[in-house]
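Beneath this line is the structure, given in structure tokens, with notes to follow.
The values are calculated or read from the model by the stated rules, or taken from the named source; none is laboratory data. Fair warning: this is a prediction, and the values are worked out from it, not measured in the lab. Here the Cβ positions follow ideal geometry from the backbone for every residue, glycine too, while neighbour counts run over all protein chains shown. For the accessible areas, the whole protein counts, side chains as well, though only heavy atoms, and no ligand, DNA or RNA atoms are used. Shrake-Rupley method; radii C 1.70, N 1.55, O 1.52, S 1.80 Å.
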Amino acid sequence: MFSEGFYVETGGLASYSPDLHAVGRQSARLVDKIIRGTPPADIPIEVDNRIQFSLNLKVAHTIGLTVPPEMVLRASRVLQ
């Protein structure tokens, strides 16, 4: 189990993490507000609830793990 989808792409079994691209876009938007003069104290707190669950079925098969179909359906990304 990993904290970023990158590791699943490079041979990890699974990851459960925030969508890092979405976090980067959100950060850039907030920095833009600050650069344009908005005081940081005036910017409301934002929470991004998008979580990615990535699963590598090839690795699961290699280590002899049977992944329930329900888990495959719930995954955001499935690598064959």
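Here are a few things to note about the model shown:
- Yes/no for Ala28 being farther than 23 Å from Met1 by Cα and either modelled with pLDDT of 95 or more or β-branched (Val, Ile, Thr) (or both): yes
- Residue list for the stretch 43-57, filter: more than 14 Å from the chain's Cα centre (by Cα), outside any strand (DSSP E or B) and not β-branched (Val, Ile, Thr): Pro44, Glu46, Leu57
- Among the residues of the stretch 21-35, not a single one is in a loop (DSSP other than H, G, I, E, B), out of contact with any Pro (no Cβ under 7 Å at 6 or more places or on another chain) and of a type outside the set (S, T, N, Q).
- Condition check for Ser54: at negative phi, of a type outside the set (A, V, I, L, M, F, W, C), in contact with a Phe, Trp or Tyr (Cβ under 6 Å, 6 or more places away or on another chain) and open to solvent by less than 60 Å² (accessible area, probe 1.4 Å): no
- Inspection of the stretch 15-23 identifies no residue that is over 13 Å from Val78 (Cα atoms), surrounded by 12 or more Cβ atoms within 10 Å (Cβ to Cβ) and free of Cβ contacts under 8 Å to residues at least 12 places away in the same chain.
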